[in-house]
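Working notes, beginning with the structure itself.
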Ligand SMILES: Cc1ncccc1-c1cc(O)c2nc[nH]c(=O)c2c1
Ligand SMILES: [Mg+2]
């Protein structure tokens, strides 16, 4: 039986990147996706916007919803301040298996905790199981129909504080209309759209950055 796309992406990292060098892992994945096979990583164009938000927030504690192969996990992890932690949730065990190896190859395993399972079940366990008080930054990049329910869950579980930042991928393509309407109309959020393109394509997409006002 053949390999999967995540497995081929991992092989490209192992072949073309340098162990312990997160930037080389990012570049190897982008090269693979530009010249070999498209894959649903946030990519280099939206990735630069993600980087700027991570640097601005400089989160002590961050959450990523949707790990996939770990590309954005590495982008975020490489920019975390010393002692900061990133928890990343992935539902698909095959993706998680590849992502663990990508994260380890980048040398970020001390900063990143990958948890397998459905975000809707794991979010309510964050405080008791992982000792989280609140998240300074949440990157939403899992499944468009889970953005809104998981945001409401984060609110209800007291996992957001005044000033917590939500950054959401794919708000145009594939699109998350209910989530956008919510964060743009709710008095509890100040929201801003960063226009960009679907990873590795010319199709419009963008990131929505929303500040929780408490
Ligand atoms: C897969 C796909 N096909 C065509 C257009 C967009 C996508 C696409 C792109 C992404 O960045 C995604 N991120 C997280 N989760 C997704 O499901 C997802 C899907
Ligand atoms: Mg995405």
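None of the figures in this text is laboratory data; all of them are computed from the coordinates on show. Quick caveat, the model's predicted, so the values are computed rather than measured. So basically every Cβ, Gly included, is an ideal-geometry build from the backbone, and we count neighbours across all protein chains shown.
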### Query
If you project the alpha carbons of the stretch 1-119 onto the principal axes, what extent comes out on each, in Å, largest first?
42, 28, 24
### Query
Can you give the relative contact order of the chain as a percent, counting alpha carbon pairs under 8 Å and 6+ residues apart?
19
### Message
Given R₀ = 25 Å, what would the calculated FRET efficiency be for residue 128 paired with residue 161, taking r from the Cβ atoms and rounding to 0.05?
### Response
0.90
### Task
Mind giving me the nanometre distance, one decimal, between the label points for residue 92 and residue 56, set 7 Å out from Cα along Cα→Cβ?
3.0
### Query
What Kirkwood hydrodynamic radius do you get for the chain when you take the inverse of the mean 1/r over all pairs of distinct Cα atoms, in Å?
17.1
#### Entry: Footprinting exposure proxy for 97, 46 (fewest neighbouring C-beta atoms within 10 Å first)
97, 46
### Task
Considering Cα pairs under 8 angstrom that are at least six residues apart, work out the relative contact order of the stretch 1-57 and quote it in whole percent.
25
### Query
What is the list of residues in the stretch 143-185 whose amide nitrogen lies under 17 Å from a point 7 angstrom out from the Cα of residue 45, following Cα to Cβ?
169-175
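Helix-derived [θ] at 222 nm for the chain: sum -39500 (n - 2.57) over DSSP H runs of at least 4, divide by residue count, nearest 500?
About -12500 deg cm²/dmol.
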### Task
Could you work out how far apart the two model spin labels at residue 18 and residue 152 are, taking each label as a point 7 Å from the Cα in the direction of the beta carbon, and quote it in nm?
4.9
### Query
Roughly what would the spin-label model give for residue 143 and residue 197, points 7 Å off Cα along C-beta, in nm?
3.0
